[in-house]
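Following: one structure in structure tokens, then a few remarks.
The values are calculated or read from the model by the stated rules, or taken from the named source; none is laboratory data. Bear in mind the structure is a predicted one, so any value in this text is a computation, not a measurement. Cβ sites come from the backbone with ideal geometry, for glycine too, and all protein chains shown count toward neighbours. These area figures cover heavy atoms from the full protein model, side chains too; ligands, DNA and RNA do not enter into them. Shrake-Rupley method; radii C 1.70, N 1.55, O 1.52, S 1.80 Å.
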Amino acid sequence: MLLQTRRDTTRPMPWSDAVRVSSHPAGAYTDLSRGPAGGRFLESPVLSALLLGVVFAVADSNRPSAWLVAGCAVAWSFVPALQIASVVATWLAFARGRLALRGAIQLHFLGHLPWSLWLLLVAAVASATSPPNEARLWKLMFVTAAIPFLWSRAIGWHFFRRVYGLGPRGALLATLLHLVVVLGPVAVFFLATGQLAPRLLGGR
Amino acid sequence: MRDARAFAGALVVAGLVAGTAADRLPEVRPLLRGGYFVLQADLHVHSFLGDGTLWPWDVAREARRRGLDVIAITNHNQVLAARLGRWLAPHLGGALVAVGEEITAPGYHLIAVGIDAPIGWQQAPAQAIDEVHAQGGAAIAAHPTLVFWPTWDQAALRSLDGAEVCHPLTYYQGPEYLRAFFRRFKLERPHGAAVGSSDWHVFRSVGLCRTFVFATARSERALVEAIRAGRTVAYDVGGTAHGDPGLVALLGTPPALPAEPRWQSLLALAARLCALVGMAGVLFLRGRAA
């Protein structure tokens with residue numbers, strides 16, 4: 001997400017490559033994977049952490065103070081860190097000789113726009129929702145979270161097909177590996193600290 | 001616009017500057033009634049390192065913004081974040097942080113306040129309550145809705161110090177289930193504490209439900225002592241006051257939430273608009289062509 005990795009001076013479109021990838025993932029990834037990687041290394045992960053900082057500061061406090069945004073960005077930086085770990089894992093497993101790791105990370109982060117957009121919308125709605133009505137906000141979140149999840153999975157599928165050059169079976173395996181690397185450590189943390197097992201056992 | 005993305009980035013920075021300028025916490029005025037400090041408390045709050053979204057010291061600042069004197073950080077089956085919060089929050093202008101835990105077991109959820117070490121969840125509620133008391137803490141039944149009732153037997157109810165009678169879920173489920181549990185609890189513990197808690201994880205509901213604690217001092221120890229002695233008042237979502245009628249009368253009309261000056265609200269509005277629109281611009285727009 002977040003950054004334009006290729007600079008195309010002939011293209012009049014004002015939209016970022018993240019928008020192109022989100023709207024036409026197959027074509028955009030085919031096009032973008034041909035050229036050299038642009039943009040600063042780790043710019044996208046850092047901007048991801050900043051986005052999370054802004055979103056939680058606005059949703060929880062209604063004011064994005066520098067202190068709160070920085071605190072939230074640091075706290076939630078495990079999310080882009082896990083995304084990088086997933087790219088490293090899938091790159092090592094499937095695309096080591098095909099492209100540079102830096103390029104894989106940058107192209108992968110372009111596919112985060114659906115979640116970023118959803119988070120911004122949730123923060124905007126939350127900031128306009130009074131605390132007694134937050135139950136409605138929860139319902140809205142649960143109902144709409146399927147959209148960025150499925151959308152980003154579709155983008156991820158095309159990332160593995162077009163950027164890594166994998167067939168359908170390889171793309172499926174890469175998707176599963178990605179999910180394990182992203183979700184696994186979170187599940188392990190909550191299991192190890194006793195926060196998950198009672199809920200799994202009790203169903204509440 | 002020559003470089004729309006840079007402009008969007010500048011909007012984000014402007015949002016952060018305005019947000020920082022609007023980040024003023026309200027003045028603390030101790031509420032004194034009948035020789036007690038009346039502490040406005042939220043005794044069920046989650047934070048980061050658990051499933052809350054803010055660091056414990058930042059939750060404490062948000063609690064202060066909403067007029068709370070004290071919060072208990074009660075992550076599920078752990079106390080690490082709460083201990084960090086208790087250490088750091090006073091230096092950052094936040095509410096007092098009491099160390100707590102939401103003992104989360106398959107059949108019950110129990111709030112422990114004023115403890116230091118985590119309490120295991122693989123035991124009956126009466127045993128868990130005994131452990132809370134052994135550490136000098138207070139034990140409160142968390143959101144005791146119908147599904148949890150079978151676990152709360154007579155022995156457990158007799159050892160409990162308090163029960164939540166106001167919780168955000170009552171804003172859409174109604175107050176009846178928690179009221180009914182509280183009546184059942186009071187049959188076993190006539191002087192048990194009425195508790196209102198927000199079970200905060202995210203958004204701005206910290207302190208939405210709160211407990212007025214009649215404490216002898218503004219400290220964690222005094223807070224726990226007051227809960228165990230039943231010196232609390234809580235209003236449920238229907239507006240009914242629960243607690244000792246004498247204390248309800250002593251409290252009188254509950255204090256209003258702190259009001260922000262208009263300039264501060266407007267600045268906060270401008271800050272979040274700039275930050276959110278700016279972030280969207282950074283996401284959506286191309287940078288300047290090379």
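Taking the residues in segment B:41-88 that are of a type in the set (S, T, Y) and buried (at least 24 other Cβ atoms within 10 Å of the Cβ) as candidates, determine which candidate is nearest to the other protein chains (Cβ to nearest Cβ).
B:S47
Looking at B:A10, B:A41, B:A63, which is the one that is in a helix (DSSP H, G or I) and under 21 Å from the mean Cα position of the chain (by Cα)?
B:A63
Looking at (1) closer than 15 Å to B:V113 by Cα; (2) within 17 Å of the chain's Cα centre (by Cα); (3) crowded, with 22+ Cβ neighbours inside 10 Å, can you tell me which one B:D236 breaks?
Going through (1) closer than 15 Å to B:V113 by Cα; (2) within 17 Å of the chain's Cα centre (by Cα); (3) crowded, with 22+ Cβ neighbours inside 10 Å one by one, B:D236 breaks only (1).
To keep it simple, each residue is scored yes or no on (1) within 9 Å of chain A (Cβ to nearest Cβ); (2) of a type in the set (S, T, N, Q); (3) over 26 Å from the mean Cα position of the chain (by Cα).
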{"site": "B:F214", "(1), (2), (3)": "no, no, no"}
{"site": "B:R218", "(1), (2), (3)": "no, no, no"}
{"site": "B:A256", "(1), (2), (3)": "no, no, no"}
{"site": "B:W263", "(1), (2), (3)": "no, no, yes"}
{"site": "B:A270", "(1), (2), (3)": "no, no, yes"}
{"site": "B:A280", "(1), (2), (3)": "yes, no, yes"}
{"site": "B:L283", "(1), (2), (3)": "yes, no, yes"}
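With the requirement that a residue be open to solvent by less than 50 Å² (accessible area, probe 1.4 Å) and either without any contact (Cβ under 8 Å) to a residue 24 or more places away in the chain or polar (S, T, N, Q) (or both), what does segment A:131-145 give you?
Within segment A:131-145, A:P131, A:E134, A:A135, A:L137, A:M141, A:T144 qualify.
Could you tell me which residue of segment B:173-192 is nearest to A:A135 (Cα to Cα), considering only residues that are touching a residue at least 60 places away in the same chain (Cβ under 8 Å) and either over 23 Å from the mean Cα position of the chain (by Cα) or part of a loop (DSSP other than H, G, I, E, B) (or both)?
Per the criteria, the residue is B:G174.
Does segment B:263-282 contain any residue that is open to solvent by less than 50 Å² (accessible area, probe 1.4 Å), touching a helix residue (DSSP H, G or I) at 6+ places or on another chain (Cβ under 7 Å) and without any contact (Cβ under 8 Å) to a residue 12 or more places away in the chain?
No, segment B:263-282 contains no residue that is open to solvent by less than 50 Å² (accessible area, probe 1.4 Å), touching a helix residue (DSSP H, G or I) at 6+ places or on another chain (Cβ under 7 Å) and without any contact (Cβ under 8 Å) to a residue 12 or more places away in the chain.
With respect to A:A95, is the statement that it is in contact (Cβ under 8 Å) with a residue 60 or more places away in the chain, crowded, with 20+ Cβ neighbours inside 10 Å, within 14 Å of chain B (Cβ to nearest Cβ) and among the hydrophobic types (A, V, I, L, M, F, W, C) true?
no
Has segment B:205-212 got at least one residue that is touching a strand residue (DSSP E or B) at 6+ places or on another chain (Cβ under 9 Å), farther than 19 Å from A:D60 by Cα and among the aliphatic types (A, V, I, L, M)?
no
Condition test on B:R33, is it open to solvent by 10 Å² or more (accessible area, probe 1.4 Å), touching a residue at least 24 places away in the same chain (Cβ under 8 Å) and within 14 Å of another protein chain (Cβ to nearest Cβ)?
Criteria not met by B:R33.
Please specify each residue of segment B:152-172 satisfying the condition of being more than 20 Å from the chain's Cα centre (by Cα) and either closer than 14 Å to B:A194 by Cα or not hydrophobic (A, V, I, L, M, F, W, C) (or both).
Scanning segment B:152-172 gives B:D153, B:Q154, B:L157, B:R158, B:S159.
Out of all the residues in segment B:221-238, which are part of a helix (DSSP H, G or I) and either among the charged types (D, E, K, R) or touching a Ser or Thr at 6+ places or on another chain (Cβ under 9 Å) (or both)?
B:R221, B:A222, B:E225, B:A226, B:I227, B:R228
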